[in-house]
Amino acid sequence: MAILVGSVLGNFRGRLGSICARINAGRTIFAALPSSFNDAKTQEQQDNRSKLGTSAKFCSGINNSLTLRKLWKLHTPSLLSPFNYMVKENAKKVGLTVPTEYCLTSPPQGFAFTASDINLTETAVTASVPALNSFISLPPEASAVKFAGIVCYSDPVNEGTELFVVTPLEKSVASYNFTALYSLSIPLSAVQINLASQYQRKTVFIGVIVTDVSELDTLAHSHSVSAVL
């Protein structure tokens, strides 16, 4: 593989013979295609393809949250796109056809975090969040918090319905008290309220993002926690 940064040749996309090119972060990346390909179609390979497809669909739902999309972008390794990184991490954790509660909605580099009494009522997601300073030493500029996550609806009531649907959750809290217990409540959208009657299994994923007073600079983020309801 070859990488060009600021090449006088310009940027290339596409395929020429056995060479393909793509653009990532302003860099042109060339890769040689294999001269031959033998698809063994083993059960393991088929399972891996199924998991990759399930992960991609799950991550598309995460990607619909601008806050989570920006967070993954901040922590994506070089040579990977944020979406590909997200899919790669979750492909290890999904089932063959639906996500599991072990999936990630926040990048894995976050601090350890727990929340208790996670619940999904008819109109909101609620949880009790311990004092955040019990999980991490926060910089003096820490001021606000964003709670970002998803509700994943699965196990449909009726045949022919999508196997699962992923919907975003988000709430911003300015002037957050990092030393106290916080009672979290995030209202559900009309779409989420409607989906609740169509699916028997609901998995809630929640993560914390700590920002400065402007809520623009991310100072820290947590692992995502989940609950099957």
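The values are calculated or read from the model by the stated rules, or taken from the named source; none is laboratory data. Bear in mind that the values here come from a model prediction, so they are computed numbers and not experimental data. So basically every Cβ, Gly included, is an ideal-geometry build from the backbone, and we count neighbours across all protein chains shown.
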Test for Ile136: is it of a type in the set (A, V, I, L, M), buried (at least 19 other Cβ atoms within 10 Å of the Cβ) and not in a strand (DSSP E or B)
yes
Criterion (at pLDDT 90 or above, assigned to a loop (DSSP other than H, G, I, E, B) and touching a strand residue (DSSP E or B) at 6+ places or on another chain (Cβ under 9 Å)) met by exactly one of Leu79, Leu104
Leu104
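To keep it simple, each residue is scored yes or no on (1) closer than 20 Å to Met86 by Cβ; (2) more than 27 Å from the chain's Cα centre (by Cα); (3) modelled with pLDDT under 70; (4) not assigned by TED's automatic domain parsing to the domain that holds Lys202.
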{"position": "Arg22", "(1), (2), (3), (4)": "yes, no, no, yes"}
{"position": "Asn38", "(1), (2), (3), (4)": "no, yes, yes, yes"}
{"position": "Lys51", "(1), (2), (3), (4)": "yes, no, no, no"}
{"position": "Ser55", "(1), (2), (3), (4)": "yes, no, no, no"}
Would it be correct to say that Val151 is surrounded by 14 or more Cβ atoms within 10 Å (Cβ to Cβ), touching a Phe, Trp or Tyr at 6+ places or on another chain (Cβ under 9 Å) and more than 13 Å from Gly61 (Cβ to Cβ)?
no
Looking only at region 159-201, and only at residues there that are in a helix (DSSP H, G or I) and of a type outside the set (A, V, I, L, M), the one that is surrounded by the most Cβ atoms within 10 Å (Cβ to Cβ):
Gln192
Pairs where the first residue, in region 157-175, is over 19 Å from Thr203 (Cβ atoms) and the second is outside any loop (DSSP other than H, G, I, E, B) and charged (D, E, K, R), C-beta under 6 Å, 6+ apart
Ser172/Lys146
